[in-house]
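To start, the structure itself, in C-alpha coordinates.
The values are calculated or read from the model by the stated rules, or taken from the named source; none is laboratory data. Bear in mind the structure is a predicted one, so any value in this text is a computation, not a measurement. Reconstructed Cβ throughout: ideal geometry from the backbone, glycine too, with neighbour counts over all protein chains shown. The area values use the complete protein model at the heavy-atom level, side chains included, leaving out ligands, DNA and RNA. Shrake-Rupley method; radii C 1.70, N 1.55, O 1.52, S 1.80 Å.
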Amino acid sequence: MLSKNTIKYIRSLELKKKRKEEQVFVAEGHKLVGDLLGHFPCKLLLATDTWWQTHAGAEADECLKVTQEELARASLQKAPQEVLAVFRQPDDVYCPEAPSHSLCLALDDVQDPGNLGTIIRLADWFGIEHIFCSIGTADVFNPKTVQATMGALARVKVHYGSLTQLIGALDKSVPVYGTFLDGEIIYGEELSDCGLIVMGNEGKGISPEVEKLVNKRLYIPNYPQERETSESLNVAIATAVVCAEFRRRKQVIAGPGYKK
(Lines give C-alpha, C1' and ligand atoms only; values in the text may rest on other atoms or scores of the structure.)
Protein backbone atom coordinates (compact mmCIF):
# COMPACT_ATOMS: atom_id res chain seq x y z
CA MET A 1 0.00 0.00 0.00
CA LEU A 2 1.25 3.46 -0.91
CA SER A 3 1.66 5.59 2.21
CA LYS A 4 0.42 9.16 2.58
CA ASN A 5 3.99 10.27 3.30
CA THR A 6 5.24 8.81 0.02
CA ILE A 7 2.43 10.51 -1.89
CA LYS A 8 3.20 13.79 -0.13
CA TYR A 9 6.91 13.42 -0.94
CA ILE A 10 6.31 12.78 -4.65
CA ARG A 11 3.90 15.65 -5.01
CA SER A 12 6.31 17.99 -3.20
CA LEU A 13 8.74 17.46 -6.08
CA GLU A 14 6.64 19.74 -8.25
CA LEU A 15 8.52 22.51 -6.40
CA LYS A 16 11.98 23.46 -7.70
CA LYS A 17 13.18 24.15 -4.15
CA LYS A 18 12.30 20.62 -3.04
CA ARG A 19 13.84 19.03 -6.15
CA LYS A 20 17.03 20.97 -5.50
CA GLU A 21 17.13 19.96 -1.84
CA GLU A 22 16.59 16.29 -2.65
CA GLN A 23 18.60 16.35 -5.92
CA VAL A 24 15.93 14.27 -7.66
CA PHE A 25 13.31 14.56 -10.41
CA VAL A 26 10.07 12.79 -11.36
CA ALA A 27 9.37 10.94 -14.61
CA GLU A 28 6.16 9.16 -15.59
CA GLY A 29 4.98 6.82 -18.33
CA HIS A 30 6.16 3.65 -20.07
CA LYS A 31 8.53 5.16 -22.64
CA LEU A 32 9.98 7.95 -20.52
CA VAL A 33 10.73 5.83 -17.47
CA GLY A 34 11.99 3.01 -19.70
CA ASP A 35 14.39 5.36 -21.50
CA LEU A 36 15.75 6.86 -18.27
CA LEU A 37 16.20 3.63 -16.29
CA GLY A 38 19.85 2.67 -16.54
CA HIS A 39 20.93 6.24 -17.31
CA PHE A 40 20.06 7.79 -13.95
CA PRO A 41 20.05 6.09 -10.53
CA CYS A 42 16.44 5.45 -9.51
CA LYS A 43 15.49 6.30 -5.93
CA LEU A 44 11.83 5.26 -6.06
CA LEU A 45 9.91 3.22 -8.61
CA LEU A 46 6.19 2.62 -8.25
CA ALA A 47 4.07 0.86 -10.83
CA THR A 48 0.99 -1.27 -11.30
CA ASP A 49 1.09 -5.06 -11.41
CA THR A 50 0.66 -4.93 -15.20
CA TRP A 51 3.86 -2.90 -15.58
CA TRP A 52 5.86 -5.07 -13.20
CA GLN A 53 4.89 -8.21 -15.12
CA THR A 54 6.90 -6.99 -18.11
CA HIS A 55 9.64 -5.14 -16.19
CA ALA A 56 10.57 -7.57 -13.43
CA GLY A 57 14.26 -6.68 -13.74
CA ALA A 58 13.80 -2.94 -13.14
CA GLU A 59 15.96 -1.70 -10.24
CA ALA A 60 15.55 1.13 -7.75
CA ASP A 61 16.41 1.89 -4.15
CA GLU A 62 12.75 1.29 -3.38
CA CYS A 63 10.27 -0.57 -5.60
CA LEU A 64 6.55 -0.51 -4.91
CA LYS A 65 3.60 -2.26 -6.52
CA VAL A 66 0.57 0.05 -6.50
CA THR A 67 -2.96 0.14 -7.83
CA GLN A 68 -3.97 2.52 -10.59
CA GLU A 69 -5.93 4.54 -8.01
CA GLU A 70 -2.88 4.88 -5.75
CA LEU A 71 -0.75 5.91 -8.70
CA ALA A 72 -3.30 8.57 -9.63
CA ARG A 73 -3.05 10.07 -6.13
CA ALA A 74 0.72 10.35 -6.37
CA SER A 75 0.99 11.33 -10.03
CA LEU A 76 1.79 14.83 -11.23
CA GLN A 77 0.07 14.07 -14.55
CA LYS A 78 -3.62 14.34 -15.47
CA ALA A 79 -3.57 10.86 -17.02
CA PRO A 80 -0.98 8.65 -15.22
CA GLN A 81 0.39 5.66 -17.17
CA GLU A 82 1.04 2.74 -14.82
CA VAL A 83 4.55 3.79 -13.73
CA LEU A 84 6.20 6.69 -11.90
CA ALA A 85 9.87 7.01 -11.01
CA VAL A 86 11.93 9.37 -8.88
CA PHE A 87 15.45 9.61 -10.33
CA ARG A 88 18.56 11.20 -8.88
CA GLN A 89 19.77 14.28 -10.73
CA PRO A 90 23.13 13.89 -12.49
CA ASP A 91 26.09 16.10 -11.67
CA ASP A 92 26.45 19.00 -14.10
CA VAL A 93 29.88 18.39 -15.64
CA TYR A 94 30.29 21.72 -17.42
CA CYS A 95 31.90 21.43 -20.88
CA PRO A 96 32.74 24.97 -22.07
CA GLU A 97 35.00 23.58 -24.79
CA ALA A 98 32.15 21.65 -26.50
CA PRO A 99 31.21 24.41 -29.03
CA SER A 100 34.80 24.37 -30.30
CA HIS A 101 34.43 20.87 -31.73
CA SER A 102 30.68 20.20 -32.01
CA LEU A 103 27.41 21.98 -32.69
CA CYS A 104 25.74 23.10 -29.43
CA LEU A 105 22.69 25.08 -28.37
CA ALA A 106 22.52 27.98 -25.92
CA LEU A 107 19.20 29.08 -24.42
CA ASP A 108 18.97 32.66 -23.22
CA ASP A 109 16.19 32.78 -20.59
CA VAL A 110 13.80 30.35 -22.29
CA GLN A 111 11.17 30.24 -19.55
CA ASP A 112 8.45 27.84 -20.63
CA PRO A 113 9.14 24.29 -19.35
CA GLY A 114 7.39 22.77 -22.36
CA ASN A 115 9.53 24.74 -24.79
CA LEU A 116 12.68 23.67 -22.96
CA GLY A 117 11.66 20.02 -23.01
CA THR A 118 10.81 20.17 -26.71
CA ILE A 119 14.16 21.81 -27.50
CA ILE A 120 16.00 19.04 -25.61
CA ARG A 121 14.07 16.49 -27.66
CA LEU A 122 14.97 18.36 -30.87
CA ALA A 123 18.64 18.45 -29.87
CA ASP A 124 18.55 14.69 -29.40
CA TRP A 125 16.97 14.21 -32.84
CA PHE A 126 19.57 16.37 -34.55
CA GLY A 127 22.57 14.90 -32.74
CA ILE A 128 23.29 17.91 -30.53
CA GLU A 129 24.70 16.63 -27.25
CA HIS A 130 25.14 19.83 -25.22
CA ILE A 131 22.70 22.61 -24.36
CA PHE A 132 23.96 25.60 -22.36
CA CYS A 133 21.25 27.44 -20.42
CA SER A 134 21.33 30.84 -18.77
CA ILE A 135 20.48 30.89 -15.07
CA GLY A 136 17.09 32.39 -15.97
CA THR A 137 16.12 29.47 -18.20
CA ALA A 138 13.44 27.07 -16.95
CA ASP A 139 14.52 24.17 -14.73
CA VAL A 140 15.39 21.11 -16.79
CA PHE A 141 14.00 18.91 -13.99
CA ASN A 142 10.60 20.56 -13.90
CA PRO A 143 8.11 17.67 -14.39
CA LYS A 144 6.65 19.38 -17.48
CA THR A 145 10.12 19.71 -18.99
CA VAL A 146 11.05 16.11 -18.21
CA GLN A 147 7.83 14.80 -19.80
CA ALA A 148 8.33 16.94 -22.91
CA THR A 149 11.85 15.55 -23.48
CA MET A 150 10.39 12.07 -24.13
CA GLY A 151 13.57 10.47 -22.80
CA ALA A 152 16.07 12.74 -24.57
CA LEU A 153 17.54 13.64 -21.17
CA ALA A 154 19.33 10.30 -21.33
CA ARG A 155 21.42 11.52 -24.25
CA VAL A 156 21.55 15.34 -24.08
CA LYS A 157 23.59 17.11 -21.40
CA VAL A 158 22.04 20.35 -20.10
CA HIS A 159 24.30 22.89 -18.38
CA TYR A 160 23.48 26.09 -16.48
CA GLY A 161 25.71 29.12 -16.17
CA SER A 162 26.56 32.54 -17.58
CA LEU A 163 26.22 32.62 -21.37
CA THR A 164 28.34 35.76 -21.60
CA GLN A 165 31.18 34.03 -19.75
CA LEU A 166 30.79 30.90 -21.87
CA ILE A 167 30.86 32.79 -25.17
CA GLY A 168 33.52 35.23 -24.02
CA ALA A 169 35.89 32.36 -23.26
CA LEU A 170 35.50 30.77 -26.71
CA ASP A 171 38.17 31.19 -29.34
CA LYS A 172 37.27 34.00 -31.74
CA SER A 173 37.19 31.49 -34.60
CA VAL A 174 34.22 29.62 -33.07
CA PRO A 175 30.98 30.78 -34.73
CA VAL A 176 28.21 32.00 -32.43
CA TYR A 177 24.87 32.05 -34.27
CA GLY A 178 21.71 33.86 -33.26
CA THR A 179 18.37 34.53 -34.95
CA PHE A 180 17.31 38.15 -35.49
CA LEU A 181 14.81 39.98 -37.68
CA ASP A 182 17.71 41.93 -39.23
CA GLY A 183 19.90 38.84 -39.74
CA GLU A 184 20.97 37.24 -43.00
CA ILE A 185 18.58 34.68 -44.48
CA ILE A 186 19.74 31.32 -43.11
CA TYR A 187 19.31 29.46 -46.39
CA GLY A 188 22.02 31.50 -48.09
CA GLU A 189 24.57 31.58 -45.27
CA GLU A 190 27.58 29.36 -44.70
CA LEU A 191 26.94 27.13 -41.68
CA SER A 192 29.60 25.36 -39.64
CA ASP A 193 29.79 21.82 -38.23
CA CYS A 194 30.66 23.27 -34.84
CA GLY A 195 29.80 26.36 -32.83
CA LEU A 196 26.98 27.69 -30.70
CA ILE A 197 23.39 28.42 -31.76
CA VAL A 198 21.78 30.90 -29.36
CA MET A 199 17.98 30.93 -28.99
CA GLY A 200 16.33 33.69 -27.01
CA ASN A 201 13.52 34.30 -24.57
CA GLU A 202 9.93 33.73 -25.78
CA GLY A 203 8.99 37.42 -25.56
CA LYS A 204 12.24 39.39 -25.54
CA GLY A 205 14.48 37.31 -27.77
CA ILE A 206 18.23 37.27 -27.19
CA SER A 207 19.36 39.63 -24.43
CA PRO A 208 21.49 42.69 -25.39
CA GLU A 209 24.47 41.33 -23.41
CA VAL A 210 24.50 38.06 -25.32
CA GLU A 211 23.60 39.70 -28.65
CA LYS A 212 26.87 41.66 -28.54
CA LEU A 213 28.75 38.37 -28.58
CA VAL A 214 26.87 36.81 -31.53
CA ASN A 215 29.08 36.91 -34.64
CA LYS A 216 26.71 35.20 -37.10
CA ARG A 217 23.27 36.81 -37.32
CA LEU A 218 20.64 34.63 -39.01
CA TYR A 219 17.05 35.19 -40.09
CA ILE A 220 14.31 32.62 -40.75
CA PRO A 221 12.27 34.22 -43.55
CA ASN A 222 8.52 33.92 -43.81
CA TYR A 223 7.02 32.93 -47.16
CA PRO A 224 6.27 34.80 -49.28
CA GLN A 225 8.31 37.61 -47.74
CA GLU A 226 5.95 40.39 -48.84
CA ARG A 227 2.97 38.75 -47.09
CA GLU A 228 1.80 40.05 -43.72
CA THR A 229 2.29 37.28 -41.18
CA SER A 230 2.82 36.44 -37.50
CA GLU A 231 5.37 38.57 -35.65
CA SER A 232 7.62 35.64 -34.76
CA LEU A 233 7.94 31.87 -34.38
CA ASN A 234 7.66 29.92 -31.15
CA VAL A 235 11.22 29.41 -29.84
CA ALA A 236 11.00 25.61 -30.04
CA ILE A 237 9.74 25.75 -33.64
CA ALA A 238 12.46 28.25 -34.56
CA THR A 239 15.04 25.93 -33.01
CA ALA A 240 13.72 23.07 -35.12
CA VAL A 241 13.98 25.10 -38.34
CA VAL A 242 17.53 26.26 -37.57
CA CYS A 243 18.83 22.85 -36.50
CA ALA A 244 17.20 21.17 -39.49
CA GLU A 245 18.98 23.54 -41.86
CA PHE A 246 22.37 22.93 -40.21
CA ARG A 247 21.93 19.17 -40.46
CA ARG A 248 20.48 19.33 -43.99
CA ARG A 249 23.69 20.98 -45.13
CA LYS A 250 25.76 18.25 -43.51
CA GLN A 251 23.74 15.50 -45.21
CA VAL A 252 23.92 17.21 -48.60
CA ILE A 253 27.70 17.57 -48.27
CA ALA A 254 28.11 13.99 -47.08
CA GLY A 255 26.00 12.66 -49.95
CA PRO A 256 23.11 10.20 -50.21
CA GLY A 257 24.92 7.45 -48.27
CA TYR A 258 25.18 9.60 -45.14
CA LYS A 259 23.58 7.75 -42.21
CA LYS A 260 24.47 9.63 -39.04
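Overview of values
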item: Out of E62, E70, E82, sole residue that is charged (D, E, K, R), at positive phi and more than 17 Å from the chain's Cα centre (by Cα); result: E82
item: From the options G114, G34, G57, residue that is outside any helix (DSSP H, G or I) and out of contact with any Leu (no Cβ under 8 Å at 6 or more places or on another chain); result: G57
item: Whichever residue in the stretch 102-147 is among the aromatic types (F, W, Y) and touching a helix residue (DSSP H, G or I) at 6+ places or on another chain (Cβ under 7 Å) and, among such residues, is surrounded by the fewest Cβ atoms within 10 Å (Cβ to Cβ); result: F126
item: Hits in the stretch 17-31 (condition: modelled with pLDDT of 95 or more, open to solvent by 40 Å² or more (accessible area, probe 1.4 Å) and either in contact with a Leu (Cβ under 6 Å, 6 or more places away or on another chain) or over 20 Å from V156 (Cβ atoms) (or both)); result: K17, K18, K20, E21, E22
item: Test: S230 is modelled with pLDDT of 95 or more and of a type in the set (G, A, S); result: no
item: L45 vs. criteria touching a residue at least 24 places away in the same chain (Cβ under 8 Å), touching a Gly at 6+ places or on another chain (Cβ under 6 Å) and crowded, with 17+ Cβ neighbours inside 10 Å; result: no
item: Test: D91 is under 27 Å from G203 (Cα atoms), open to solvent by 10 Å² or more (accessible area, probe 1.4 Å) and in a loop (DSSP other than H, G, I, E, B); result: no
item: Scan of the stretch 201-211 for residues that are on the phi < 0 side of the Ramachandran plot, buried (at least 16 other Cβ atoms within 10 Å of the Cβ) and not in a helix (DSSP H, G or I), ordered by number; result: N201, I206, S207
item: Residues located in the stretch 148-164, provided they are open to solvent by 20 Å² or more (accessible area, probe 1.4 Å), in a loop (DSSP other than H, G, I, E, B) and closer than 25 Å to G203 by Cβ; result: S162
item: Test: D182 is modelled with pLDDT under 95, among the charged types (D, E, K, R) and within 24 Å of the chain's Cα centre (by Cα); result: no
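Okay, residues lined up against (1) over 26 Å from V93 (Cβ atoms); (2) open to solvent by 20 Å² or more (accessible area, probe 1.4 Å); (3) among the charged types (D, E, K, R):
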| position | (1), (2), (3) |
| --- | --- |
| S173 | no, yes, no |
| S192 | no, yes, no |
| Y223 | yes, yes, no |
| A236 | no, no, no |
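Yes/no per residue for (1) assigned to a strand (DSSP E or B); (2) in contact with a Lys or Arg (Cβ under 8 Å, 6 or more places away or on another chain); (3) of a type in the set (D, E); (4) open to solvent by less than 30 Å² (accessible area, probe 1.4 Å):
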residue	(1), (2), (3), (4)
L166	no, no, no, yes
L213	no, no, no, no
L218	yes, no, no, yes
R227	no, no, no, no
S232	no, no, no, no
F246	no, no, no, yes
